[in-house]
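One structure is given here, and the rest of the page talks about it.
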2 protein chains.
Amino acid sequence: MSDLGLTLYVDAHFSSPYAMSVFVALKEKQLPFELKTVDLHAGDNRADDYAHTSLTQRVPTLVHGNFALSESSAITEYLDETFEGVALYPRDPQKRARARQVQAWLRSDLMPIREERPTSTLFYAPSQTPLSEKAMAAAKKLAFAAEGWLQDRQYLCGEWSLADVDLALMLNRLALNGDPIPKVLAYYAQQQWQRPSVQEWIKMQRPALA
Amino acid sequence: MSDLGLTLYVDAHFSSPYAMSVFVALKEKQLPFELKTVDLHAGDNRADDYAHTSLTQRVPTLVHGNFALSESSAITEYLDETFEGVALYPRDPQKRARARQVQAWLRSDLMPIREERPTSTLFYAPSQTPLSEKAMAAAKKLAFAAEGWLQDRQYLCGEWSLADVDLALMLNRLALNGDPIPKVLAYYAQQQWQRPSVQEWIKMQRPALA
Ligand SMILES: [Ca+2]
Ligand SMILES: [Ca+2]
Ligand SMILES: [Ca+2]
Ligand SMILES: [Ca+2]
């Protein structure tokens with residue numbers, strides 16, 4: 001495929017779950033892009049250059065021609081609407097709505113899990129500390145919702161969508177750290193984790209953690 | 001208009017900014033709906049009945065027939081795709097992407113502002129305490145992004161979208177509490193605040209705060 005003029009900015013440690021989501025989206029759609037890194041630990045997201053590209057100073061940011069867009073779910077919807085290839089979101093309005101709900105929920109709730117099981121425990125080394133009571137409560141809430149949506153199906157929306165990868169990452173914060181999680185959810189997360197697009201992100205060469 | 005079978009669940013204090021966003025969306029599209037309240041202070045969102053409607057136990061939740069959907073931005077996109085009426089999101093893919101970005105950003109960043117200027121300071125009584133340094137930094141970041149997006153225009157995306165109301169609410173957490181904010185942004189927020197759909201939410205009869 002010819003040059004589409006796509007550049008994706010991700011964190012230099014390849015650890016942002018939202019950067020991963022966009023990376024996976026681009027790989028699933030087989031879109032060529034240039035990958036650039038921003039060192040969040042060094043505060044490079046607040047540097048003038050990047051702050052003028054992403055006004056919110058966040059990663060990921062996609063640049064398409066001279067259009068710069070941050071927030072992963074906005075980016076992946078834009079990719080899905082703009083380019084051919086594998087659908088990232090279902091066409092059916094109710095299924096698409098469910099995929100959007102799950103993405104929005106994973107980005108705004110379950111904070112104790114995100115804090116106690118940061119993605120460094122997935123991409124560098126597992127956690128050595130048990131979950132707090134608050135995180136255990138959040139894990140129960142996560143399992144309740146995920147089981148309710150999945151029932152006995154393979155995918156959240158009856159067909160694969162990017163929300164499956166996002167949900168799998170949240171579930172793997174628990175499963176890959178040996179925290180309690182229903183077997184059916186651990187299996188679901190493992191299946192998503194094996195997608196080539198996801199494996200490519202997992203296998204990125206990462207700099208040492210400071 | 002005939003009964004569309006729409007029920008909206010909001011918090012009993014009419015203070016959730018996300019409940020407000022969906023309420024405004026329904027009013028802008030002139031869709032009839034039944035409004036039901038959930039007392040979050042009493043934990044009614046965790047009660048069996050509601051937890052089985054919204055698996056994530058959050059407000060707002062829209063029920064359409066037997067489809068239940070939470071997360072405000074997923075709900076308002078669903079409304080826009082499913083029903084006629086005023087467009088809540090721009091049709092142009094890049095403008096629509098920007099509206100989505102802003103909604104996602106307001107829901108996942110700027111935490112110090114959300115904590116120190118909760119919506120009770122908008123709908124009950126203003127805050128009496130000054131902003132912390134962290135919140136001042138977040139306010140600067142908010143102003144930088146908002147000015148960058150708006151330039152000298154009246155709307156974020158060149159035409160009105162629901163993201164304007166969401167952004168106005170965030171700006172008003174500062175403006176209506178007398179915190180420093182560029183005049184052009186205070187004016188923008190004030191204009192959005194005067195929309196009849198927004199005024200209807202503001203003027204809701206609220207129970208006393210416990
Ligand atoms: Ca650039
Ligand atoms: Ca952003
Ligand atoms: Ca119901
Ligand atoms: Ca939800």
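The values are calculated or read from the model by the stated rules, or taken from the named source; none is laboratory data. Note that the structure is a prediction, hence the values are computed from the model and not measured. Cβ coordinates were reconstructed from backbone atoms using ideal geometry, including for glycine residues, and neighbour counts include every protein chain displayed. What goes into the accessible areas is simple: the full protein's heavy atoms, side chains included, and nothing from ligands, DNA or RNA. Shrake-Rupley method; radii C 1.70, N 1.55, O 1.52, S 1.80 Å.
Annotations
- Separation of alpha-carbon centers, segment A:1-79 and segment B:25-83, rounded to whole Å: 32 Å
- Heavy-atom accessible surface of A:His52, to the nearest 10 Å², is about 120 Å², with a 1.4 Å probe and all protein chains retained.
- Of B:Ser15, B:Ser132, B:Ser120, the one that fluctuates the most in a GNM where chain B has Cα springs shorter than 10 Å: B:Ser132
- Surface/4 estimate of mean projected area, convex hull on alpha-carbon atoms of the protein assembly as shown, nm²: 20.4 nm²
- Rounded to the nearest 5, the antiparallel percentage of DSSP beta bridges internal to segment B:6-87 is 60%.
- The largest accessible area among B:Lys95, A:Lys29, A:Lys134, B:Lys141 belongs to the first residue in A:Lys134, B:Lys95, B:Lys141, A:Lys29, and the rest follow in falling order (1.4 Å probe, all chains).
- Chain B, relative contact order [Cα under 8 Å, separation at least 6], %: 22 percent
- When the Gaussian network model of chain B links Cα atoms closer than 10 Å, the mean-square fluctuations of B:Ser21, B:Ser54, B:Ser72 top out at B:Ser54.
- A 1.4 Å probe run over chain B, with the rest of the protein chains in place, finds 44 Å² accessible per residue.
- Accessible surface, 1.4 Å probe, highest first, among residues A:Asp80, A:Asp3: A:Asp3, A:Asp80
- Per-residue ellipticity at 222 nm, computed for chain A from helices alone with -39500 (n - 2.57) per DSSP H run of at least four residues, works out to -15000 deg cm²/dmol.
- Among chain A residues, the one whose Cβ is nearest the axis of the rotation from A to B, given with its distance rounded to whole Å, is A:Ser108, 3.
- Chain A - percent of accessible surface contributed by carbon and sulfur, probe 1.4 Å: 50 percent
- Cα radius of gyration and Dmax for segment B:146-198 (Å): 10.2, 28
- Share of Cα-Cα pairs in chain B lying beyond 29 Å, as whole percent: 24 percent
- log10 of Debye I(q)/I(0), alpha-carbon scatterers only, for segment B:6-87 at 0.24, 0.27 Å⁻¹: -1.16, -1.42
- In summary, segment B:93-197 shows an alpha-carbon radius of gyration equal to 1.01 times the 2.2 N^0.38 Å reference for compact globular proteins.
- Among A:Phe67, A:Phe144, A:Phe33: highest mean-square fluctuation, GNM of chain A, C-alpha pairs under 10 Å: A:Phe67
- Neighbours of A:Lys203, meaning other residues whose beta-carbon lies under 15 angstrom from its beta-carbon, give a summed charge of +2 when Lys and Arg score +1 and Asp and Glu score -1.
- Cross-link pairs beyond the 32 Å C-alpha cut-off, checked among A:Lys141/B:Lys36; A:Lys140/B:Lys27; A:Lys29/B:Lys27; B:Lys29/B:Lys183; A:Lys134/B:Lys36: A:Lys140/B:Lys27; A:Lys29/B:Lys27
- Counting from the shortest, the label point at B:Glu200, 7 Å from Cα toward Cβ, is 4.7 nm from the same position in each remaining copy.
- Cβ-defined net charge surrounding A:Pro32, 15 Å radius [Lys, Arg +1; Asp, Glu -1]: -2
- Heavy atoms of A:Leu162 accessible to a 1.4 Å probe, total area in Å² rounded to 10: 0 Å²
- With its label point put 7 Å out from Cα toward Cβ, A:Thr7 sits 5.1 nm from the same residue's point in the other copies, in order from shortest.
- Rounded to the nearest 10 square angstrom, A:Met136 shows an accessible area of 80 square angstrom against a 1.4 Å probe.
- Solvent-accessible area buried by pairing B with A, both sides, nearest 100 square angstrom, 1.4 angstrom probe: 3100 Å²
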